[in-house]
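Participant: Below you will find the structure I want to go over with you.
The values are calculated or read from the model by the stated rules, or taken from the named source; none is laboratory data. Being a predicted model, the structure only gives us computed values, none of them experimental. When we count neighbours, we look across all protein chains shown, and the Cβ atoms used for this are built from the backbone with ideal geometry, even at glycine. Surface areas here come from the heavy atoms of the whole protein model, side chains and all, with no ligands, DNA or RNA. Shrake-Rupley method; radii C 1.70, N 1.55, O 1.52, S 1.80 Å.
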Amino acid sequence: MACGTTKKQSVEDQSVVTIQFNADSAYQFCAAQCAFGPRTMNSEAHEQCGAWIQQKFQQYGYQVELQKADLKGYDGTILKSTNIIAKAPSLKERAGGAILICAHWDSRPWADNDPDSTNWRKPVMAANDGASGVAVMLELARLFQQHDSLNVAVDFVCFDAEDWGIPQWDETGDGTDSWALGSQYWAKKYQEQTLSANPSTRHYTYGILLDMVGGQGARFYQEGFSMQKASTIVEKVWRAANAAGYGSFFPAKEGSGVTDDHVPVNEVANIPCIDIINFYPDCPQSSFGPTWHTASDDMRHIDKNTLQAVGQTLVQLVYNE
């Protein structure tokens with residue numbers, strides 16, 4: 001059901017969307033995931049949180065598919081993986097096609113970048129590196145149900161098994177392919193469906209990956225691989241950030257290239273997909289910020305202002321499609 005006027009005056013060729021993303025709600029979605037504990041692969045907390053995420057998307061009118069697979073970690077561990085695919089209803093009624101928004105929902109099993117080496121084999125709570133992206137997506141789903149005036153369908157995918165990449169204390173290899181296992185699997189299956197002309201396959205005009213979108217002091221530079229593969233989408237999103245009033249969070253500067261879930265989405269699924277990911281160029285501990293893969297990645301370091309900046313930018317983007 002449409003709920004009133006959504007737009008007003010034009011800024012930089014975009015109408016400014018008056019629908020407001022609710023950062024308080026997104027913050028609570030982030031906290032709710034953390035309340036289960038670290039959502040490490042094959043853990044009870046992982047299973048419980050996955051069921052909760054599924055229920056929330058269904059509550060907001062989305063059709064949920066669970067894409068289960070046994071994936072092999074870098075160390076041979078069999079990972080009971082579940083990609084949570086939430087499809088928007090009534091695609092045929094949307095004139096503008098479909099957009100994919102995604103994030104990973106699993107937690108890093110090892111705090112291997114922690115300054116305290118006694119934490120290196122402890123699991124990460126992953127408030128920012130995992131829960132924040134899912135929280136923004138859940139709040140968007142809730143908002144879309146309330147303000148059902150989109151011209152596009154927006155689907156969500158929560159990728160699993162992203163953060164089982166080889167830890168820094170393991171010297172068996174570089175482990176590049178050990179990251180983003182769930183998105184690798186999803187992209188392969190999507191490619192197979194596309195090649196087989198499966199009529200149920202969604203055709204996405206573009207995708208946006210959210211990774212670490214709630215940290216204190218976060219800024220979102222234009223990630224290098226995104227610029228190579230989908231620069232027009234980067235430009236579109238950064239224009240939306242400026243129009244929404246959050247240009248300071250999205251500097252027009254290129255950051256580093258990142259091995260992340262958007263890589264198989266681009267290279268295997270052939271969907272132009274960008275990565276909105278924090279970049280701290282002056283942080284000595286990591287360019288991903290001081291809490292990345294540490295015991296400090298908890299709710300104490302989640303900032304509602306960051307969640308608001310990312311969420312409102314996406315609201316600005318999709319309601320202008």
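Participant: Pick from region 259-297 the residues that are free of Cβ contacts under 8 Å to residues at least 40 places away in the same chain and under 23 Å from ALA126 (Cβ atoms): which of them is most open to solvent (accessible area, probe 1.4 Å)? Explain how you work it out, then say what you get.
Facilitator: Looking only at region 259-297, we keep the residues that are free of Cβ contacts under 8 Å to residues at least 40 places away in the same chain, and these are 282-284, 287, 290.
Adding the requirement that they be under 23 Å from ALA126 (Cβ atoms) leaves 283-284, 287, 290.
Values: CYS283: 30, PRO284: 132, SER287: 45, PRO290: 66 Å².
The residue in question is PRO284.
Participant: While we're on this one: Confirm whether ALA88 is of a type in the set (A, V, I, L, M), in contact with an Asp or Glu (Cβ under 6 Å, 6 or more places away or on another chain), touching a residue at least 24 places away in the same chain (Cβ under 8 Å) and crowded, with 17+ Cβ neighbours inside 10 Å.
Facilitator: Here the answer is yes, as ALA88 does meet what is asked.
Participant: Which ranges mark the strands (runs of 3 or more DSSP E) fully within region 47-126 that have 2 or more residues being of a type in the set (Ser, Thr, Tyr) and under 22 Å from LEU138 (Cα atoms)?
Facilitator: 78-87
Participant: Among all residue pairs at least 6 apart or on different chains, which show Cβ distances below 7 Å where the first residue, located in region 197-220, is without any contact (Cβ under 8 Å) to a residue 60 or more places away in the chain and the second is surrounded by fewer than 18 Cβ atoms within 10 Å (Cβ to Cβ)?
Facilitator: What qualifies is THR201/GLN193; THR201/THR194.
Participant: Keeping to region 116-150, report how many residues are open to solvent by less than 40 Å² (accessible area, probe 1.4 Å) and not hydroxyl-bearing (Ser, Thr, Tyr).
Facilitator: The total comes to 20.
Participant: A further question on this structure: Answer yes or no: is there a residue in region 231-252 that is over 21 Å from GLN14 (Cβ atoms) and either open to solvent by 10 Å² or more (accessible area, probe 1.4 Å) or more than 18 Å from the chain's Cα centre (by Cα) (or both).
Facilitator: Scanning region 231-252, I find no residue that is over 21 Å from GLN14 (Cβ atoms) and either open to solvent by 10 Å² or more (accessible area, probe 1.4 Å) or more than 18 Å from the chain's Cα centre (by Cα) (or both), so the answer is no.
Participant: Same structure, new question: If you scan region 164-205, which residues turn out to be aromatic (Phe, Trp, Tyr), part of a loop (DSSP other than H, G, I, E, B) and surrounded by 12 or more Cβ atoms within 10 Å (Cβ to Cβ)?
Facilitator: Passing the criteria: TRP164, TRP179.
Participant: Report whether or not VAL154 is in a strand (DSSP E or B), touching a residue at least 12 places away in the same chain (Cβ under 8 Å) and more than 24 Å from ALA69 (Cβ to Cβ).
Facilitator: For VAL154, the condition - in a strand (DSSP E or B), touching a residue at least 12 places away in the same chain (Cβ under 8 Å) and more than 24 Å from ALA69 (Cβ to Cβ) - is met.
Participant: From the set of residues in region 263-288 that are under 18 Å from ALA252 (Cβ atoms) and among the aromatic types (Phe, Trp, Tyr), which is farthest from the chain's Cα centre (by Cα)?
Facilitator: The qualifying residue farthest from the chain's Cα centre (by Cα) is TYR280.
Participant: Testing LYS229 on (1) closer than 27 Å to PHE29 by Cα; (2) in contact (Cβ under 8 Å) with a residue 40 or more places away in the chain, one condition comes back false. Which one is that?
Facilitator: Unmet for LYS229, out of (1) closer than 27 Å to PHE29 by Cα; (2) in contact (Cβ under 8 Å) with a residue 40 or more places away in the chain: (1).
Participant: Would it be correct to say that ASN42 is more than 20 Å from the chain's Cα centre (by Cα) and either at pLDDT 95 or above or open to solvent by less than 70 Å² (accessible area, probe 1.4 Å) (or both)?
Facilitator: yes
Participant: Here are ASP303, ASP260: which of them is within 17 Å of TYR221 (Cα to Cα), modelled with pLDDT of 95 or more and of a type in the set (D, E, K, R)?
Facilitator: The conditions single out ASP260.
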